[in-house]
Each structure stands twice: as C-alpha cells, then as structure tokens.
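Report on the following structure.
The values are calculated or read from the model by the stated rules, or taken from the named source; none is laboratory data. Keep in mind the model is a prediction, meaning the values are calculated, not measured. Quick reminder, even Gly has a Cβ in these numbers, built from the backbone with ideal geometry, and neighbours come from all protein chains shown.
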Number of protein chains: 4
Amino acid sequence: MIKVAIIGASGYTGSESIQILLRHEQAELTYLTALPEECGAVEDVFPQFKGRCPLQIEPLDLDKLSELADVALCCLPHKVSMGFVPKLLDAGVKVIDFSADYRLKDVDVYEKYYVKHTDTENLMHAAFGLPELFRERIKGASLVANPGCYPTGASLAVAPLLKKGLIETENVIVNSVTGSSGAGMKPSSKFHFPNMNENLFPYGIGTHRHMPEIEQIMTDVVGKKVTVLFQPHVGSFDRGILSTVYCQPKTKLSDEDLSKLYHDFYQDEPFVQVRKDAPAVKDVAGTNYCHIFVACVKGKIVCFSAIDNLVKGASGQAIQNMNIIFGLEEALGLK
Amino acid sequence: MIKVAIIGASGYTGSESIQILLRHEQAELTYLTALPEECGAVEDVFPQFKGRCPLQIEPLDLDKLSELADVALCCLPHKVSMGFVPKLLDAGVKVIDFSADYRLKDVDVYEKYYVKHTDTENLMHAAFGLPELFRERIKGASLVANPGCYPTGASLAVAPLLKKGLIETENVIVNSVTGSSGAGMKPSSKFHFPNMNENLFPYGIGTHRHMPEIEQIMTDVVGKKVTVLFQPHVGSFDRGILSTVYCQPKTKLSDEDLSKLYHDFYQDEPFVQVRKDAPAVKDVAGTNYCHIFVACVKGKIVCFSAIDNLVKGASGQAIQNMNIIFGLEEALGLK
Amino acid sequence: MIKVAIIGASGYTGSESIQILLRHEQAELTYLTALPEECGAVEDVFPQFKGRCPLQIEPLDLDKLSELADVALCCLPHKVSMGFVPKLLDAGVKVIDFSADYRLKDVDVYEKYYVKHTDTENLMHAAFGLPELFRERIKGASLVANPGCYPTGASLAVAPLLKKGLIETENVIVNSVTGSSGAGMKPSSKFHFPNMNENLFPYGIGTHRHMPEIEQIMTDVVGKKVTVLFQPHVGSFDRGILSTVYCQPKTKLSDEDLSKLYHDFYQDEPFVQVRKDAPAVKDVAGTNYCHIFVACVKGKIVCFSAIDNLVKGASGQAIQNMNIIFGLEEALGLK
Amino acid sequence: MIKVAIIGASGYTGSESIQILLRHEQAELTYLTALPEECGAVEDVFPQFKGRCPLQIEPLDLDKLSELADVALCCLPHKVSMGFVPKLLDAGVKVIDFSADYRLKDVDVYEKYYVKHTDTENLMHAAFGLPELFRERIKGASLVANPGCYPTGASLAVAPLLKKGLIETENVIVNSVTGSSGAGMKPSSKFHFPNMNENLFPYGIGTHRHMPEIEQIMTDVVGKKVTVLFQPHVGSFDRGILSTVYCQPKTKLSDEDLSKLYHDFYQDEPFVQVRKDAPAVKDVAGTNYCHIFVACVKGKIVCFSAIDNLVKGASGQAIQNMNIIFGLEEALGLK
C-alpha cells in the first residue's frame, strides 16, 4: 500500500486528488497539508467528502511527512512550490509536483515567464510526467513535474505527427478552450458567476505560460525546435479542455493515413482514445481519458483533443505518474 | 426630458438602469457616480456599453447633482444609502432608493435585521414603490423606496387573494429561487463560477431580510397581520426569481374562480401577465414583466410568479416608479 | 462475483449504472440490452465509455439473460416495465426495477396516475427499495421496486420526524427542484438547450406521479395516512434534486432537538449525512449521498435534502439494493 | 412608418426580429407568417411576448402580404427560402432573406454545399447584406441576402487587413465557437440539455457551409481569391460567437500599427467597436455590436471578434439592412 501525502490539499487539484485516491486499491491517503487558515477536517473544507474521508488537513510538518508518506503530491502554486520541493525530497518522499516550477528545462525561459528559479539542481533531475510520451523517464524518478493541462491536451493531439516527422515544425497553431475550474479556487471578478456564466473569451494573448511548455514538449518529441502559437480561451463550463491544433503536413496525407497513424501510435495507451468522430469535453469530464480526432482540411491537418483539465490535466495524471513510479498497474484508481 | 442621475452606478443595478435609460424616450442619463476606485468611462467600467454611452462615472458632487439631475436612482447598499439620501434630497432631486433603508416602516424591525436607523424622518415619508399595489402613494413622492426583488415577486403572486380576504393570513409559505445576479458584483467563494455552476442551495434559513418586508407588504394589502415563512434559494442562472407560494384558502375555490380573480385584479396592469400555464424565468428575463399562474392543489392554493430580479425586481421597477412620479406614461422605456 | 444485466441500458440510468458497476469489486456487468435501434457497442452508444467497457448492447434474449446474469437492473420506462419483469423473474434472475410499476401498492392509485396494471401478482411481492427506511424487506427479495428520485430525497428529509410522530401528518409540503437529466434522453422542446438553459419552471402542478409515491412512503413510515402537497420544478443544471419540505410540529422543537434527532436516526447510515449547514446539489453530484439539514423557522420545521437524481435517486440506490439483496457490504462500489 | 412582415416567424430569428421591431420607432410589425402547425397568437407561440405583441402568426397569404407590408424579413430555412422569395418579390415587397439561398454568387459552390438552385435570376441581383463592407450595394436593393452568423464575425475581424493587402490570402484560419441558439428551435439529441450542458465540441469538420461564404466575402474585400480554413465549435451558452482568426502578415506589423488600422477602418461604424482588450461574448449578447481585438503573436496576427449570433449574426443585421434600404438612420431600433 503506497502512502500518499497531499501538500496544498485545499484547492481543486487537492480535492480531485483526494477523490481519486479514495478509490485507489493500492494507495492510501495518509497526510494532508495546507496553509494554517485553510486547515480543518476534510469534510468541512470540502463538503462533498462528508462521511467519506476522516482525515484532517493540517499545517505541513516535515517530520510527520517523512514518517507518514512514501510520496507527496505537491499541489502548491507556481513559484511557491520550488521553495518546498527540496524539503519534501529531503524528507525522503518521492514528489510529484503540480506547479510549473520543474517543467521548463531552460531556466531562462522559466525566468522570463515566472520568476528567478531557486532550485535549479532539482530542476535538472525532474522527469516530465507525460507518460504517453516520456514513460521511461518517469519510472523510478524521485521528482516528477506533472504537466500543465493545456500542454497535455495539445501535445497528445499532435504527437504522432511530430514523432513521424510528418508536419512542419514552424507555425503549429494551438487554439484551446478550457472550463473555469482551471482558474483555481480564488474568487475573482472574471470568474464571478454572473460575469463568467454564458460567457466565452480569450486570454493570455501572446503571453500564456503554457506556450513555452508546449514548445518544449513538442521539440522534445520531434528532436528539433518546434514553434507554437498557443491561444487559450475560457468558457462557462466547469471541466474540460478542447484543443484544436492546426498544422501543415509536409506531404499529402489522407484521412485514412491519419487514422491509422494515430491508432497505431496510441494502441497500447490505456488513456488515449482515437475517435471516429469529433471529441466532446463532456465525454471525458471526470475521467483520465484523452479523446482525439484528426482530419485533413484544405491542405492542413486539424487535430482535436479533449481532456478533463483537473484529471488528465492535473490530478489524474499525477496518480498515473505515481503508479508508474511505484511500478503499479498504470491505470489503478483511474478507470 | 427628465434628467436622471445614478448614484452608485458601478454595480449590476446601475448597469441595468443605464441599459434601460439609454432607450427611454423622455428621460436622459446626465450624471453617474460611484466610489472613486470604481470610476471611469462607462464603456470601460461596463464593456457592453462600448460605443453606446459617452458618459463618465465620477465621484459624487452634490452641486453637480443639483445642477444636472431631476431625479436620482440611488443604487447604494443597505446601511450606506441612508447616509446619502438626505443629502440627495437636500440637493433638490427626487430619490428612488434601491436599498432596504426606506422600506421597513417599523424602525425596530429594520434595526433587528440591519443596523440602527439614522434617517427615520425621511423613512416616515418614503413611499413604498410597488406600483401594482401602491400606485397612488408613489405619484408625486419625493422619496420612493424601491422594493426588494423577492418581495416584489412574492407579493404580486398572492396579492389578489389577500386583497379579497380569501386566504388565511397565517402560514403563508414563500419558496423562492433566484438567479445569481442577486448576489451583486463582489466576488465571493459561494459565487465563484466553479462553485456556483451546476449548483442550487438554500440560504438565509429563517433569517433572510426580505421576510419582514414581504410580511409588511402583505399586511398592508390585507389590512391585518400576515405571517410569512420565506425560504430563498439560489440557482446557477443569471437572472430571474421564481416564487412558489403556498397558502390556505378560507373557502373552497376552483381553478376557474382563481383565474377570474387574477385576471380581473391585474387586467389594467401593463407589467403583470396572468398565464394559462406555468411561468418560467426565461420568459421574463430582461423584461419588466411579472408572469403569474395560480392553481388549487390538495386543498391549498399554489401561486407561482416569475420576474427578472434586476428589472422588475430592481432597475425596471425603479424606472416604472420614476415614470409615475413624473406623470409619464408608466411603461415608457420598459416595453 | 455477482453477474449483472442491465435491461434498457441505452438511457441515462443505464449509463449511470454501467459507470458504477465498472468500479464494483464484487459485481461484473455481463449482459446489456436495449431496443434493436438503440443497440451497438457500449462505447459507440456512450462515447464516455470508449476504451472502458468492451460490451455490446444487444436486443433482449431471455435465454442469454438466464445464462449470463444473477440479477437484472430493469431500466425500462413506466408501463413498459411490467410487461418484461415477469419474464425476467421467470428467467431466474433477481430484478431491481427502476420504473414506477412496482412501487405503488394500491393498484387503484397506480391506475389513476398511469395505466391498467398487468402484473399485480408480482406487485404484491415487490419490496420497496429505500434501504434507509425499509432495509429488512429488501434482504433476499426477488423483486425490488427502486424508488423514484423525488420520493427518495423528500422521504429521507422528513423520515425522522414522521417516525417519532413529531409532526402533523396533514399538510406536508414538498417543494423540489431537479436537474434536467431527470427528463430522460428523449429530446423535447422544453429540454432543448436554448430553451432550458438559464431557465427554471414548475411543472406537474397538482398532478405529478411522485405525489402518491411520497405519500405512500411517509404513510408507511408513520403508520398513519400522510397527506402531501408535492410541487416539482426543473432547473438548468444536469444533476441533483434539492427538496425543501415544510411541516408542522406537534410540539415545539429546538434546532438542537432536531439536530440530535436526525444524527441519531441516521448515525449508522453510510449514505445519509446530516449537515450543520445548508446542503447543496453540487456537493452530492455524482455520489450516492443524501445531505440533510433541518431547522425551525416561524413555528414550522423546514427540512432540506440534496441527492443526485441519477445516483441516490436511481442507479446508485439500485446498486445499494443489489448489495443488500446479495448480502454484500452495502456501500460496495458506491463510496 | 415602414410596415414589416416576417415570413417564418416561429423560430429564434423570428422572435428576435419581433423583439427588435417592437422597439423600432419608424417601423411596425404588420404581418407574421409560419407553417400552419406553428401558427397562433404571438404570445402563445412565444410566452416572452405575453402582453407585448397583439399579433397573430398566420399561414402565408401573398395578397395580405402585398397589402400589409413594405418589406419582408424571410426567416425560412436554406433550400426552402428560394421557393418563396420570388413570390414575395412579386407581391411587391422588398425582401431581406436570412437563408443561404442568395448569399453564394457562384451557383456551383451553392449546389455543392446545398442543392440545385432554383432561382438563379434573383440570386444575381441580390445584395450581400454586410453593411460595414458592402453598404453601397444594399441601398435601394430589392433583395438582400442577410449574411451567415459565422461569416459576419469572421469577416469583420479581418477585413481591415484584407482591404489594405497586409496579409497573405492563403491559409487564413478561422476558429469559431458559437452558442447553442445557432442550432435553431428543432430539438435534437446533440442539443438536448443534459447532453449539451457543460459541453463543447467541434462540428462540421472540413464541411461547414459557411466556409465558402467566408471565402467569398474575403475574396470580395481583397479582390483576389482568399483561401480559408474554417472550424466551428459549439459551446454550452445561449448566444454569441467568438471567432479567433489566425493570419500571416506580409510585412511586420506592430500592435500599434494594427490598433490604428482598425480604429481608422471602423471609426464611423455604429456597430463595430475596436477594443483595447479581449472581447467577450457576454459583452455583446443581446446587442447588434461586434467587438474586435487584434494582436501580433509569434509572427502571426491573431484577430478576435465577438457578436451575438441572433442579433448582429441574424435579426439585428437584417434590421440594419432594412434601415439602409429605406434610407432610415442605420442604427434605428438597434442601440
């Protein structure tokens, strides 16, 4: 039985992780932490767990962590996380980090989009936790950087084409729409219900932090610099990301070629499903699945993917990574 | 041309009032005020007015108000409003106040539910602005207390029965569901989109401030103390209140009796429509109408009403009151 | 391992049952049936199961049922179900029926609200499957009538008061709001997205078929005829029922009395949670839980309950009943 | 006073046209028609008009049309419309047609996407009713083809760049998300509330009929064949289209260049607003406005536009066209 701690358990990714782990047959939640003002019984912090989880959320105590857990899901925000991860590792637990702090291998890029990096040593050793593309690196890793939600959906949509060198590596356009839970739990004017409801708008125009992360993944897959224009939008639904990726084939490909390519590429993957028709965010909501469809349109290739941003885009993928690290069946707790 | 100021124009009732007044043929917006930190061009504060309203929202200056306006719609919050209304009246304008500060005639009741009342003199003279029930009092009033959203819908639903003395005055049960815009513009955890979306819950159990207001209106209509149990709920939609009122008839009434009673009672009212079927909040959204249906069920009478909480429940009713005060056609700007 | 068939698997309660059973450790789906035109691979009928369920939905073959299943969840509609249940029982399987056909013990009442009953013999032996109130009758039953969604929520909200004889048995008022999935999968104008979205309305005024079912349950609990006025509404959300029940105490009860009564009554129930604050449908969405809160207001008692209409109100409760019938741990697959 | 008929008044564009015309100071609704089974009092067909519109919707009688109307808004579906428009014109009224039947000037293209065209003569004379781009052609026209909703938003987003020859005419990518009202009033499984709610999905992949219409408009603007890849999506909100257009500049342009270009191009347009920040569908819902923002990102230009698909994308634009045809102030009834 793997003993799991959640550091920063009081947000949406924390509650989603609790939800998944309550059903996991070979892992058990042993320790939950948050800032002092967000502590309390799980069932008080998250009424949906009333009667389902007897644990308390407590302020972090590294000795308790060391004693109680084999692995920590670190759900702290960007910039904060790198202040804690070294301590968590020192406490002798494996760490799966949800923040961006260990994702971008190029420190300059990180520092351009975030702040000065204070833990470059662990950054060098962190495995990027997108199992379908980098499974081997995750096995046995001490620190896994859990990917961003957008990068997960966008990369899976286009990976087979990149891997086979079938598309131009410049001018990949990623147009995504996310549900509102991606914004986190902190109330704000944009996400105030009467403002967000019945709404849809773009944001982060030209500046979104997931743009370099998507480029890094794609570059890694193809072995050559990939340039990506990433444009996110947010819509009035809770969960899900639909990514529509436009790319330029090097040679003419038929819909049949594409379908075969994708089915072959993902045939052994438990969580990637290549569809015969368009994916829909509702079909993957609450699951760890990624639904993909791809088509030739007007000389371009259009790739669609749908994931749940809180599951495959965060907590589900983290548990998938945890299963890999510990040599468990990869889909445990996630089917 | 009536010159209209809006005091506290930066919230939902402010923007709704602007929206209505932009279409009003015999009134024009001349002056908009808000707290300094909420000021700016209308089209910057409310992007939906881009290109539609050239005005600025400015900090309140009583001299400018006096010069520029005939009437002020005072959209300030409860407790704050009574600090300003005397000054607005002194500036020589009529005032239609959206807060609760001039609604409850019994100061003790007000002080139980709110705070110490600091302007009891004007309170005594304020007209309660529910035109369908108290139109005569509104004509020529200097200060009108614009009713609460719930009290408007609930009272119109049951007024014909009360007026004719057909129901018991104890144990009137008002069960209401409001859209989320009733919560105002300030972000909060409850109304954070991922929390409020796909949700429905009761609140203010036994303590909602509209309970005494509903009782006051009903008591006024029937001329005898009416006791009301009012239970509000909030649902995941923007606009509208559906009130379901359960009451006990003194004598047996048929559905036909009820239908005739209601049609007769409301036949000359421009904004109350007695339906042949169940009302729906979407049918009244964005309008100043109140849709009503009434039926006998199991020896009780069940009355349903639907209004838009921001229009008939706030800004539309205020303009209706303004039209009455100034002797204009009552429906101007509201059809 | 219990082998489970679903008869009429192509609707919302069918897919919800599949969802739950995929996670059940001691039951396995073995046979799924539907009308010929609704058959096909599960993952084609319900794209959310792509890669998760290899079964086919086939036309019903009683020999196959007999061979493949120990129990059938019968998700057929009212009136249709009683034509099939005798055959399912003859095939040697236990039956948990989701329709109203075996719920109402008084054939005259059934025939008033539905049609002529054609299987009164099995009706007499059917157990009413609300475990928290009638667990003993369910154990070992061959045929369980799975309760309606509204009756489940309403009855649990008020059962402790009825059981202890603390409220008047006349004039219980049940005001409920359901999410739209209660309407089933058949498209209609009322539930067409642009009509239903941002909407809320009452329906079934004085005529809803769950009214006599609620009365039957409450009468059974208290041992004396209970009269109920039940008014349902539908709101623009997918899942959940919030019931607000107004009743008249025989003697004065404090909030503390009520709290203690409810905690004691439900203390051993795995799926009923008595809250300290108002329940919300989002807290129970996707779960088999019923959240309850109760308060004294103006001399009446107001009871609130929230359930997921598709889980505790249908498929989850059916699995709970299945667990009881077969002597399994009652919460298996449902936590 | 312009007398206006609506042919096919029983759908969403019909009701939206009624809504606008009820407020129009120089036009009055005189005649409403629909299929016999959809006829009745306006307030019965559309409960939101109860007490607001005394008209009946009747089966079409060309003599009555001729007598009662100056202009007909023809809200019939594609393929059906061209069977009626010649008769409407023969009845002596101007026609503004909402269908696609008179939009595509190339009959072959029309016939590829729709059916055989049966009224090519009127097709030749029809003016394409996008005032911001083709105002002169609309003045005095007898027949105006009201543009599609997607083409309106997409074309306005990119027109200044095309007009000035600043972007490549190949590889314009239009990614749009529409609200659900674009699907029309006919219930279907995809738009059944429990399926559509909380959902988002692409459709019409490579085949949407608005693709050639967008190409025709853009080609017309630039005077040279423009190739467009158009990908529509539908989201779970009522109203609005957000279009995100990706294009390739011929020379480097700064954000300032773009802003100035757009402000200059649209400075006299009453309904196009160039924003300083990202547009949002909620800001234009219920209005005839188009909000636009444009930015340079990674060597491409990304143009965003938001419109209400039922207003600027249909009924509002039709009234705007009507105002132009009859020499009225263009914004009458639409502010």
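Quick rundown of the values:
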{"item": "Where a residue in region C:111-126 is closer than 26 Å to C:ASN321 by Cα and its partner, wherever it lies, is part of a helix (DSSP H, G or I) and not aliphatic (A, V, I, L, M), with Cβ under 7 Å and at least six apart", "result": "C:TYR113/C:PRO212; C:HIS117/C:TYR110; C:HIS117/C:GLU111; C:THR118/C:GLY83; C:ASP119/C:PRO86; C:ASN122/C:PRO86"}
{"item": "Region C:45-96, residues that are of a type in the set (S, T, N, Q) and either assigned to a strand (DSSP E or B) or at pLDDT below 95 (or both)", "result": "C:GLN56"}
{"item": "The one condition in (1) within 14 Å of chain B (Cβ to nearest Cβ); (2) within 30 Å of C:ILE301 (Cα to Cα); (3) not acidic (Asp, Glu) that C:PHE128 fails to fulfil", "result": "(1)"}
{"item": "Failed item, numbered, when B:ILE138 is tested on (1) buried (at least 19 other Cβ atoms within 10 Å of the Cβ); (2) assigned by TED's automatic domain parsing to the domain that holds B:GLU269", "result": "(2)"}
{"item": "Residues within region C:286-296 that are touching a strand residue (DSSP E or B) at 6+ places or on another chain (Cβ under 7 Å) and at the interface with another protein chain (Cβ under 9 Å from one of its Cβ atoms), tallied", "result": "4"}
{"item": "Lone unmet requirement of (1) without any contact (Cβ under 8 Å) to a residue 24 or more places away in the chain; (2) under 20 Å from D:TYR246 (Cβ atoms); (3) at the interface with chain D (Cβ under 9 Å from one of its Cβ atoms) for A:GLU215", "result": "(3)"}
{"item": "Any hit, region A:17-33, residues being more than 26 Å from A:GLY333 (Cβ to Cβ) and not aliphatic (A, V, I, L, M)", "result": "no"}
{"item": "A:GLY206 vs. criteria in contact with a strand residue (DSSP E or B) (Cβ under 6 Å, 6 or more places away or on another chain), over 24 Å from D:TYR203 (Cα atoms) and within 11 Å of chain D (Cβ to nearest Cβ)", "result": "yes"}
{"item": "Scan of region B:108-152 for residues that are in a loop (DSSP other than H, G, I, E, B) and touching a strand residue (DSSP E or B) at 6+ places or on another chain (Cβ under 6 Å), ordered by number", "result": "B:ALA126, B:GLY129, B:ALA141, B:SER142, B:ASN146"}
{"item": "Hey, B:GLY313 under 19 Å from B:ARG135 (Cα atoms) and small (Gly, Ala, Ser) or not", "result": "yes"}
{"item": "Subset tally (residues that are over 19 Å from the mean Cα position of the chain (by Cα), crowded, with 22+ Cβ neighbours inside 10 Å and in a loop (DSSP other than H, G, I, E, B)) for region A:166-193", "result": "1"}
{"item": "Flag if B:GLY299 is of a type in the set (Gly, Ala, Ser), within 11 Å of another protein chain (Cβ to nearest Cβ), surrounded by fewer than 18 Cβ atoms within 10 Å (Cβ to Cβ) and closer than 29 Å to C:ILE301 by Cα", "result": "yes"}
{"item": "Test set (1) part of a helix (DSSP H, G or I); (2) more than 17 Å from the chain's Cα centre (by Cα) - D:PRO279 fails condition number", "result": "(1)"}
{"item": "Condition met for D:ASP283 (facing chain A (nearest Cβ under 10 Å), surrounded by fewer than 18 Cβ atoms within 10 Å (Cβ to Cβ) and of a type outside the set (A, V, I, L, M))", "result": "no"}
{"item": "Condition met for A:LYS105 (assigned to a helix (DSSP H, G or I) and modelled with pLDDT of 95 or more)", "result": "no"}
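Yes/no per residue for (1) surrounded by fewer than 17 Cβ atoms within 10 Å (Cβ to Cβ); (2) in contact with a helix residue (DSSP H, G or I) (Cβ under 8 Å, 6 or more places away or on another chain); (3) β-branched (Val, Ile, Thr):
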| position | (1), (2), (3) |
| --- | --- |
| C:ILE2 | no, yes, yes |
| C:ILE18 | no, yes, yes |
| C:LEU35 | yes, no, no |
| C:ALA41 | yes, no, no |
| C:ASP44 | yes, no, no |
| C:GLN56 | yes, yes, no |
| C:ASP70 | no, no, no |
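Every residue, every condition in (1) on the phi < 0 side of the Ramachandran plot; (2) within 14 Å of another protein chain (Cβ to nearest Cβ); (3) among the charged types (D, E, K, R); (4) in contact with a Ser or Thr (Cβ under 8 Å, 6 or more places away or on another chain), yes or no:
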position	(1), (2), (3), (4)
C:LYS3	yes, no, yes, yes
C:SER10	yes, yes, no, no
C:ILE18	yes, yes, no, no
C:LEU21	yes, yes, no, no
C:ALA27	yes, no, no, no
C:PRO54	yes, yes, no, no
C:LEU60	yes, no, no, yes
